[in-house]
Structures are given as structure tokens and as C-alpha cells.
Amino acid sequence: AQSVAQPEDQVNVAEGNPLTVKCTYSVSGNPYLFWYVQYPNRGLQFLLKYITGDNLVKGSYGFEAEFNKSQTSFHLKKPSALVSDSALYFCAVRPSFSGGYQKVTFGTGTKLQVIP
Amino acid sequence: GAVVSQHPSWVICKSGTSVKIECRSLDFQATTMFWYRQFPKQSLMLMATSNEGSKATYEQGVEKDKFLINHASLTLSTLTVTSAHPEDSSFYICSAPWTSGSPETQYFGPGTRLLVL
């Protein structure tokens with residue numbers, strides 16, 4: 001069974017500092033990995049995804065994520081945090097099998113608080 | 001990116017009544033849509049997969065007679081919470097996979113907050 005772990009319930013970072021939101025995964029075969037952001041009382045917004053190729057993936061709003069196969073991790077990063085980045089972040093994984101839609105599993109979410 | 005809408009955005013109802021939530025893909029067709037439930041400070045729980053032209057596939061532990069799903073067209077799926085009770089109060093979110101590019105990426109609706117009194 002596939003799974004996603006987001007070990008931190010909350011991450012606090014000062015505005016302007018770099019931020020990291022951690023994610024590790026378990027899946028059969030090669031993974032497809034995703035990051036989503038959720039603002040209060042809203043649905044999830046897609047940030048970025050890893051399919052194959054470069055381990056560093058760049059996404060929306062200046063976010064990027066680094067895929068590390070040996071550590072089965074896909075940490076979300078941003079060089080300089082903004083107060084408006086404060087939200088709930090979800091990591092998700094699905095297997096890369098072809099043929100039909102593959103179920104996506106979400107982590108429990110990490111609340112990012114950027115302090116002015 | 002793709003746009004998914006939900007209606008209503010929030011609803012308050014009395015216990016015992018039924019509530020219908022609509023999920024629409026606005027600028028793309030979706031043969032498959034997904035319904036999630038999210039409790040406060042928790043992750044998304046997949047309830048069911050809605051399939052256009054066929055029956056929905058429910059996850060283990062989800063009562064299909066209570067959460068009726070109808071995928072009426074390639075752009076519309078509805079979730080009806082029948083005989084709602086206070087424990088059904090939650091945030092319900094739908095998503096649809098947009099297959100432009102591989103792999104498909106799920107795009108989410110804004111969610112529907114349900115409060116059952």
C-alpha cells in the first residue's frame with residue numbers, strides 16, 4: 001500500500017527566510033509526486049509535480065521541491081518565505097503504472113506559518 | 001490550469017434532510033471525478049470515485065446508500081448526503097483529473113462546508 005508522511009504538523013518561519021516542508025513516501029515502483037496548498041475554507045491548489053527527469057522541480061509562487069529517491073523524500077522548499085505563503089500544504093503520491101487512473105494518496109498536511 | 005467548481009460553497013440543514021452538492025469541471029471534460037471529506041486539521045479522506053456512465057466506486061467504510069453519487073455528464077458529478085445527521089458535518093471537496101500532460105493532475109473544487117443541525 002502506498003503512503004505519505006509529513007512529519008511536521010506545523011512549520012514556523014520568519015518572513016524572508018528559506019522554508020522547507022518535509023515529505024516522505026512509500027509506493028510500489030516509481031512515484032509520481034505532488035504538492036498542493038490549501039487556504040482556509042478553500043479547496044486544494046496544485047503547486048508542482050515530479051514525474052521523471054530533474055530531481056529539482058519548480059512550481060507556482062516560487063516553490064520548488066527536490067526528489068530524493070534514496071531517501072524516498074520530496075521536500076517542498078522556497079528560498080524566501082512570504083506572509084502570504086501561510087497555509088496548509090499537502091504532499092501526495094501515486095504509482096507511475098500506466099493504464100487507467102491510479103489512486104492518489106495524500107499526507108496529513110503541514111501548516112506553514114510565516115511570521116512577519 | 002483546469003477549473004473545477006462546487007455548489008453550494010456552504011450549507012446548513014436540519015437533521016434528517018438530504019443535501020445535494022454539485023461538482024463541475026468548467027473547461028475540460030472529466031470521465032472520472034473524486035469526492036473527498038476533510039475533517040478539521042486532518043487530511044483528505046477519499047470517499048468515492050465517480051464514473052461517468054457507470055456506478056461510483058466507494059472506498060471501504062463509506063456507506064453508498066448514504067452518500068449517493070451521480071455522474072450525469074462529462075462535466076458534472078453530484079454527491080447527495082441522504083438523511084443527514086450532525087456527524088455528517090464536514091468539508092466536502094471534489095476533484096477531477098486533467099489529463100493534459102502526463103501524469104494527470106487532480107484539480108480541486110473550492111469545497112462545500114456542510115453543517116447539520
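Read-outs: derived from the displayed coordinates by stated rules, not from any lab. Since the structure is predicted, the reported quantities are computational estimates derived from the model, not experimental observations. With ideal geometry, Cβ positions are generated from the backbone for all residues, glycine too; neighbour counts draw on all protein chains shown.
The residues neighbouring B:VAL11, those whose beta-carbon lies less than 12 Å from its own, together hold a net charge of +1 under the Lys/Arg +1, Asp/Glu -1 convention. In order along the range B:27-33, the Karplus-derived 3J(HN,Hα) couplings, from 6.51 cos²θ - 1.76 cosθ + 1.60 at θ = phi - 60°, round to 10, 7, 9, 9, 6, 10, 9 Hz, and Gly and Pro are given as x.
Please report the antiparallel percentage of DSSP beta bridges with both residues in the protein assembly as shown, rounded to the nearest 5. Just about 90 percent of them are antiparallel.
Any idea what the dipole of the range B:32-117 comes to, in debye rounded to 20, about its Cα centre with Lys/Arg Cβ at +1 and Asp/Glu Cβ at -1? Don't jump to the answer; show the numbers that get you there.
On the way: 6 positive and 7 negative charges, 28 e Å.
Roughly 140 debye for the range B:32-117.
Note on A:GLN113 and B:GLU63: the model spin-label points, each 7 Å out from Cα along the C-beta direction, lie 3.8 nm apart.
Starting from the range A:10-116, pick out the chymotrypsin sites (Phe, Trp or Tyr not before Pro) whose DSSP state is loop and whose Cβ has at most 14 other Cβ atoms within 10 Å. Show your work: numbers first, answer last.
Values: sites: A:TYR25, A:TYR32, A:PHE34, A:TRP35, A:TYR36, A:PHE46, A:TYR50, A:TYR61, A:PHE63, A:PHE67, A:PHE74, A:TYR89, A:PHE90, A:PHE97, A:TYR101, A:PHE106; in loops: A:PHE63, A:PHE97, A:TYR101.
Of the chymotrypsin sites (Phe, Trp or Tyr not before Pro), the ones in loops of the range A:10-116 whose Cβ has at most 14 other Cβ atoms within 10 Å are A:PHE97.
For chain B, the average shadow cast by the Cα convex hull is 7.1 nm², which is a quarter of the hull's surface. For the range A:32-102, which trypsin sites (Lys or Arg not before Pro) are in a loop by DSSP, counting at most 13 other Cβ atoms within 10 Å? In loop regions of the range A:32-102 (DSSP not H, G, I, E or B), the sparsely surrounded trypsin sites (Lys or Arg not before Pro) are A:LYS69.
With θ taken as phi - 60° and the Karplus curve 6.51 cos²θ - 1.76 cosθ + 1.60 applied, the whole-hertz 3J(HN,Hα) list for the range A:6-23 is 10, x, 10, 5, 9, 10, 10, 8, 6, 4, x, 8, x, 10, 9, 10, 8, 8 Hz, x standing for glycine and proline.
Karplus-derived 3J(HN,Hα) values for the range A:62-77, using 6.51 cos²θ - 1.76 cosθ + 1.60 with θ = phi - 60°, are x, 7, 9, 9, 10, 8, 10, 5, 5, 9, 6, 10, 8, 6, 8, 9 Hz; glycine and proline are entered as x.
Restriction of the GluC sites (Glu not before Pro) in the range B:1-77 to DSSP coil positions whose beta-carbon has at most 11 other beta-carbons within 10 angstrom yields B:GLU63. Bridges between two residues of chain B, per DSSP, are antiparallel at a rate of about 90%.
Suppose R0 equals 41 Å. What FRET efficiency, 1/(1 + (r/R0)^6) with r the Cβ-Cβ distance, do B:THR31 and A:SER84 give to the nearest 0.05? Don't skip to the end; give the middle numbers.
Values: r = 36 Å, r/R0 = 0.87.
It comes out at approximately 0.70.
The alpha carbon centroids of the range A:54-116 and the range B:1-64 are separated by 23 Å.
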